[in-house]
Amino acid sequence: MNATELAKITTDPACKAVVEFLSVLETKQVDNLLTIWAEDCLFELPFSHKGIPGLEYPKFRGRQRIYQLFQKVAVDKNIECKDIELFPMQDPQYAYVEFFCDIEQLDLGIKYTNRYCGLAHVIEGKIVLFREFFHALIRQNFEATGF
């Protein structure tokens with residue numbers, strides 16, 4: 001089941017916000033981000049392969065900045081999320097998710113799959129924090145060799 005299908009049946013509010021976000025990646029309906037993310041939000045990638053220990057890692061602050069980021073992603077990539085596992089947390093404002101993404105880099109015509117996980121903090125149905133982790137070596141090798 002992909003994120004778009006899962007979003008239709010998920011009832012936990014924090015998990016629902018997470019799969020709605022993943023669904024935006026699949027459907028490229030980027031305007032929906034404006035209703036999913038809080039105004040003062042943060043999207044972090046703390047273990048990005050481009051990060052060097054002790055130095056700043058990629059962070060995108062504010063709904064408008066995140067919207068701009070994913071507008072570009074929608075143009076550059078086709079994404080399908082699969083094998084999604086949602087884990088509601090004891091605190092109902094948090095959700096943890098694990099999934100695989102099949103990603104096609106459109107300008108290069110190259111596809112790859114990576115494994116992702118994320119921790120989301122959701123208040124009143126809006127994502128205020130999404131901390132994303134992915135297999136950095138797979139991503140680094142893809143960018144270096146285009147496999």
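Give me a count of the residues in region 72-84 that are within 14 Å of Y112 (Cβ to Cβ), more than 12 Å from the chain's Cα centre (by Cα) and of a type outside the set (K, R).
2
Return a yes/no flag: does region 48-64 have any residue that is at pLDDT below 95, under 19 Å from F133 (Cβ atoms), open to solvent by 40 Å² or more (accessible area, probe 1.4 Å) and in contact with a helix residue (DSSP H, G or I) (Cβ under 9 Å, 6 or more places away or on another chain).
yes
Has region 92-107 got any residue that is under 12 Å from the mean Cα position of the chain (by Cα), among the β-branched types (V, I, T) and at pLDDT 95 or above?
Yes, the conditions are met somewhere in region 92-107.
Considering only region 86-128, state which residues are assigned to a strand (DSSP E or B), open to solvent by 30 Å² or more (accessible area, probe 1.4 Å) and in contact with a His (Cβ under 8 Å, 6 or more places away or on another chain).
Y94, R115, V128
Please find, among L6, L33, L22, L69, the residue that is surrounded by 12 or more Cβ atoms within 10 Å (Cβ to Cβ), outside any loop (DSSP other than H, G, I, E, B) and over 12 Å from the mean Cα position of the chain (by Cα).
Every option except L6 fails the conditions.
Could you please tell me which pairs satisfy a Cβ distance under 6 Å, a separation of 6+ or placement on different chains, a first residue in region 115-127 that is of a type in the set (G, A, S), and a second residue that is in a strand (DSSP E or B) and modelled with pLDDT under 95?
G118/E132
Of these, A14, A7, which one is more than 15 Å from Y116 (Cβ to Cβ) and modelled with pLDDT of 95 or more?
A14
The values are calculated or read from the model by the stated rules, or taken from the named source; none is laboratory data. Keep in mind the model is a prediction, meaning the values are calculated, not measured. Here Cβ is always computed from backbone atoms with ideal geometry, including for glycine, and neighbour counts include all displayed protein chains. Surface accessibility is based on the protein's heavy atoms, side chains included, excluding ligands, DNA and RNA. Shrake-Rupley method; radii C 1.70, N 1.55, O 1.52, S 1.80 Å.
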